[in-house]
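Heads up: the structure comes next, in C-alpha cells.
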Amino acid sequence: MGWPLIVVAVLFAIGGPVACLYLWNRVKGRLAVVARLFMIVMCQTFALLVGGVSVNHYFEFYASWSDLFGGGKGGDTPIEALGPGAIGSGPVRFDRTPKLDPDVYSATVTGERSHIRSRILVWVPPGYNSPANAHQTYPVVELLPGYPGTPSTWFHAVHGASALKQEVAAGHSHPFILVAPVTTVIHGRDTECVDFPKGPRVETWLTDDVRQAVTKAFRAEPDRRAWGLMGFSTGGYCAAKMAVRRPDLFGAAVTMQGDAVPQTPEVQHDHALNAQNSVLDLLRTHRPPISLLLAGTRQDRHSDEAIDQIMPLIRAPTTAFLYVLPKGGHNASVWNSMLPKAYAWLSSRLSAPRPS
C-alpha cells in the first residue's frame, strides 16, 4: 500500500469530478436524478479514498491488502537471541467486568505514591479461583496499550486474554495474571509513561502503584523475576523503557512495534527529561539484569529503525531477543499474530506459578 496506490487514488479523485461534469447534462430520462446522485457519491468516495490511503501511508497501519483483510502471520517467524547469552481481597475492591471477559476484574485506584486516580483491569487465568489453587501465587504480565488506547483494548481488538488461554492450554505458556492499567491518565495528553517534574507521575503510577494494588488484592507473586511488561506502539516503548529503568520491579519486557525514544514534544523539548526516558540513552549508561523481546515488522519502518538502534546497545547482563516479521503494518492484526510467541518467550524468562 505505497505510492502507486496513492497515485491511483488521486487520479480517481481528479477523474471523478471531470467525468461528472462531462456526463451531468448528458444523462437524461427517468433515471437522471439517480445517476447524478450516484456520480456525486462516487466523487465523494474517491476523495475519501485519497485521504484514507494517505493517512495509512504515513502511519503504516496496513502494509498490504492481505494485511488489511487477513492480518500478519507470526507463526513461522523465529525469535532470535541477541547479545551475550543472549479478584481478590484487600483494601481495593476489584469487581468483575463480564462485558470484557468473565475473568476480568476492575477497580478505580488512587496511587499512594503518584496520587493518580485511575482504573486497573486484572484478568485471572483459568483455575485461579479453584479451591485446589487457593494457595498458589502467579506471575504477572502488565499490558500497556498504545496512545490513545485504553486498557480494554487488550481484551477486544488485541486478544491478550484469549491468546494466553490458548497458549496455556497448548502447554506453551505459564498461566499469568494479566494487568492492564490506564496509561492515558489525562484525557487527550500523551504522557508516554513519564514522571513529569510537576506531574503527573505516570511511570510511578504504572510501576509502584499498580504493582502495590495488584499484589494486595490478588495472589500475584511479588518477585521481580515474576513480573513482565508487554505493550504495543507507544505501550511497547513504555514497556522497554520502564523495564530498563526499573529492573528492581521487572524481569522482562516485550515491545511490539514500540519506539526507542520519546515522541512527545513535551518530553523532547526537555533535554534532561528526554535523556531519562530514552531507551537508547538509558542503555548507553545502564546495564540492567533484564531481558527484552524486540518485536516488529520490516514493513513498519519506525519500529524497524528502533530495533536497529537498540540492538548495538545491548550489553550483559541485559539480554535481547529479536522477533521481526517480514510483512505487516502498524495494527492490531500484527500484534495479535505476535502474541503466541510473546507469551511463550515471557514464560521462558519469568518464573512459573508456585505454592505460596
message = Going through V202, V194 one at a time, which residue ends up being out of contact with any Pro (no Cβ under 8 Å at 6 or more places or on another chain), open to solvent by less than 20 Å² (accessible area, probe 1.4 Å) and of a type in the set (A, V, I, L, M)?
response = V202
inquiry  = Looking only at the stretch 122-140, how many residues end up being part of a strand (DSSP E or B) and either polar (S, T, N, Q) or over 14 Å from Q212 (Cα atoms) (or both)?
reply    = 4
query = Condition test on G146, is it among the small types (G, A, S), part of a loop (DSSP other than H, G, I, E, B) and either in contact with an Asp or Glu (Cβ under 7 Å, 6 or more places away or on another chain) or closer than 30 Å to P262 by Cβ (or both)?
reply = yes
remark   = Of the residues in the stretch 330-347, those that are modelled with pLDDT of 95 or more and open to solvent by 30 Å² or more (accessible area, probe 1.4 Å) come to N336, P340, K341, A344
task = Kindly list, by first and then second residue, each pair from a residue in the stretch 249-273 that is farther than 18 Å from I314 by Cβ to a residue that is of a type in the set (A, V, I, L, M) and assigned to a loop (DSSP other than H, G, I, E, B), limited to pairs with Cβ atoms under 6 Å and residues at least 6 apart or on different chains.
result = V267/V194
inquiry  = Could you check the stretch 29-45 and list, in sequence order, the residues that are open to solvent by less than 40 Å² (accessible area, probe 1.4 Å) and not small (G, A, S)?
reply    = M39, C43
query = Among the residues of the stretch 131-159, how many are open to solvent by less than 60 Å² (accessible area, probe 1.4 Å), more than 22 Å from P222 (Cβ to Cβ) and small (G, A, S)?
reply = 4
ask   = If we keep just the residues of the stretch 212-249 that are charged (D, E, K, R) and open to solvent by 30 Å² or more (accessible area, probe 1.4 Å), which is farthest from S278 (Cα to Cα)?
value = R219
task = Any chance you could count how many residues in the stretch 1-28 are open to solvent by less than 90 Å² (accessible area, probe 1.4 Å) and either among the basic types (K, R) or not in a helix (DSSP H, G or I) (or both)?
result = 3
message = So the check is Cβ under 6 Å with 6+ separation or different chains; which pairs have a first residue in the stretch 156-178 that's more than 17 Å from Y105 (Cβ to Cβ) and assigned to a helix (DSSP H, G or I) and a second one that's open to solvent by 30 Å² or more (accessible area, probe 1.4 Å) and modelled with pLDDT of 95 or more?
response = E167/P340; V168/P175
request  = Report yes if D208 is assigned to a helix (DSSP H, G or I), farther than 29 Å from S333 by Cα, modelled with pLDDT of 95 or more and not hydroxyl-bearing (S, T, Y), otherwise no.
outcome  = yes
key: Unique residue being modelled with pLDDT of 95 or more and within 21 Å of the chain's Cα centre (by Cα) when the list is P125, P148   = P125
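Condition check ((1) in a helix (DSSP H, G or I); (2) modelled with pLDDT under 55; (3) farther than 28 Å from V8 by Cα) across all residues:
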| site | (1), (2), (3) |
| --- | --- |
| R30 | no, no, yes |
| R36 | yes, no, no |
| L68 | yes, yes, no |
| A107 | no, no, yes |
inquiry  = For the stretch 176-188, which positions are under 14 Å from G235 (Cα atoms) and open to solvent by 20 Å² or more (accessible area, probe 1.4 Å)?
reply    = V182, T184, V185
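The values are calculated or read from the model by the stated rules, or taken from the named source; none is laboratory data. Not measured: the values here are computed from a predicted model. Cβ coordinates were reconstructed from backbone atoms using ideal geometry, including for glycine residues, and neighbour counts include every protein chain displayed. Side chains are part of the model used for accessible areas, which takes the heavy atoms of the whole protein and leaves out ligands, DNA and RNA. Shrake-Rupley method; radii C 1.70, N 1.55, O 1.52, S 1.80 Å.
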